[in-house]
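Below: one structure, written as structure tokens.
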Amino acid sequence: MSNVLEAKNISVAFGGLLAVNEVNFDIPKGKVVSLIGPNGAGKTTFFNVLTGLYKPSAGTIDFDGKDITDLAPHKIASIGIARTFQNIRLFGLMTAQENLLVAMHSKLKSGITSTILRTPKQRREESEAEDKAQYLLDYVGVGKWTYEFARNLSYGDQRRLEVARALALDPKVLLLDEPTAGMNPQESGVFIEFVKRLVSEKDISVMLIEHDMKVVMSVSERITVLDQGEKIAEGTPDQIKSNARVIEAYLGKAKEAKA
């Protein structure tokens with residue numbers, strides 16, 4: 001099985017704090033993999049390294065066979081790695097369509113002059129971008145809100161809009177940071193089916209950070225577990241469920257919190 005992304009021996013230090021310690025992680029082509037762990041385990045820090053927001057203190061990241069360790073976030077997004085955020089980061093006073101058009105900006109070829117003059121080529125490119133935005137809005141299930149301000153959408157629809165915006169970049173890898181946070185069980189079930197459809201129809205690899213273990217176990221082909229910045233386990237959902245160290249470090253804590 002070939003990998004589209006390989007992170008090797010990644011460490012991240014903030015002053016004297018080692019947030020991620022020599023973590024190896026790969027994303028196979030056309031698969032869904034998840035990264036889980038208790039709060040403070042280093043999951044989002046690792047996510048931020050993959051997308052260029054943080055630079056690793058040590059280690060390398062290869063994407064499609066090229067070293068992207070030192071690339072800026074906009075460069076990483078432009079070559080095919082898109083993400084959503086744990087806290088929704090939409091442009092609230094832009095419409096759903098405009099949020100997607102902003103994401104597509106790096107893909108558009110019209111320059112300032114042709115945009116000002118509204119040349120036929122520029123108008124055609126703009127029309128094609130609007131058609132693509134509508135297609136993606138329909139695809140994720142928020143097509144009826146094309147011209148509505150993003151801030152006026154329901155929480156679940158804002159989550160879907162954020163996924164559509166990420167898809168507007170034509171990614172090869174989609175990183176989803178707690179995408180079902182705040183969703184009810186029915187909405188989470190719909191999301192599980194959406195991710196499966198996305199992988200099969202769009203040939204996209206997905207990496208997921210998620211606290212809802214039902215979502216993780218239902219959609220993941222491989223699960224990696226972090227605790228205090230270190231990888232403590234990796235395997236199939238069934239292997240992770242029965243791993244004593246995982247139960248103690250993550251699943252066990254979750255059960256204790258509910259008790």
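Quick notes on this one:
- One residue stands out in region 127-141 among those that are over 16 Å from VAL102 (Cα atoms) and in a helix (DSSP H, G or I): the one that is farthest from the chain's Cα centre (by Cα), namely ASP138.
- Long-range neighbours under 9 Å by Cβ, at least six apart or interchain, first residue outside the structural domain of ASN184 (by TED's automatic domain parsing) within region 140-163, second assigned to a loop (DSSP other than H, G, I, E, B) and among the basic types (Lys, Arg): GLU162/ARG89
- Listed by position, the strands (runs of 3 or more DSSP E) contained in region 1-84 that have at least 1 residues being surrounded by fewer than 20 Cβ atoms within 10 Å (Cβ to Cβ) are 3-14, 17-28, 58-63.
Table: residues versus (1) of a type in the set (Gly, Ala, Ser); (2) surrounded by fewer than 22 Cβ atoms within 10 Å (Cβ to Cβ); (3) not assigned by TED's automatic domain parsing to the domain that holds ASN24.
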position	(1), (2), (3)
GLY189	yes, yes, no
LYS196	no, yes, no
GLU201	no, yes, no
MET207	no, no, no
GLU230	no, yes, no
ASN243	no, yes, no
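- Selection status of LYS107, modelled with pLDDT under 90, among the basic types (Lys, Arg), under 23 Å from PRO73 (Cβ atoms) and out of contact with any Cys (no Cβ under 6 Å at 6 or more places or on another chain): yes
- Within region 165-194, the only residue that satisfies the criterion of being under 18 Å from LYS31 (Cβ atoms), in contact with a Ser or Thr (Cβ under 9 Å, 6 or more places away or on another chain), in contact (Cβ under 8 Å) with a residue 40 or more places away in the chain and part of a helix (DSSP H, G or I) is ALA166.
- Residue match in region 172-182 (condition: hydrophobic (A, V, I, L, M, F, W, C) and more than 19 Å from PHE85 (Cβ to Cβ)): no
The values are calculated or read from the model by the stated rules, or taken from the named source; none is laboratory data. The model shown is predicted, which means the values in this text are computed figures rather than measured ones. Note: ideal-geometry Cβ built from the backbone for every residue, glycine included; neighbour counts use all protein chains shown.
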